[in-house]
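Here it is, the structure in full.
The values are calculated or read from the model by the stated rules, or taken from the named source; none is laboratory data. Just so it is clear, the model here is predicted, and its values are computed rather than measured. We place every Cβ from the backbone using ideal geometry, glycine too, and count neighbours over all the protein chains shown.
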Amino acid sequence: MGVGPIGDCAGKGFQLGCVEGSEWFGNVSILLPGVMGAIFFLILFFNSYRIIRSIEL
């Protein structure tokens with residue numbers, strides 16, 4: 001990951017605690033990709049569902 005306290009926190013994960021000020025950044029950097037992935041998956045799922053429905057009709 002990046003260099004510096006934020007990068008260190010993102011690399012180690014928030015389990016280790018890191019610096020108190022950077023703990024929030026660690027949480028966000030770990031949660032954000034998961035949220036983005038879930039949204040991306042939902043969009044793909046709905047698009048493929050619409051395509052399958054249109055093929056059936």
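Could you give every pair whose Cβ atoms fall below 7 Å, whose first residue belongs to segment 29-47 and is in a helix (DSSP H, G or I), and whose second residue is of a type in the set (A, V, I, L, M), counting only separations of at least 6 or pairs across chains?
As it stands, the answer is 29/10, since those pairs meet every condition given.
Considering segment 6-28 alone, what residues qualify as being touching a helix residue (DSSP H, G or I) at 6+ places or on another chain (Cβ under 8 Å), outside any loop (DSSP other than H, G, I, E, B) and either modelled with pLDDT of 85 or more or not aliphatic (A, V, I, L, M) (or both)?
Selection gives 8, 9, 12, 14, 21, 22, 23, 25, 26, 27.
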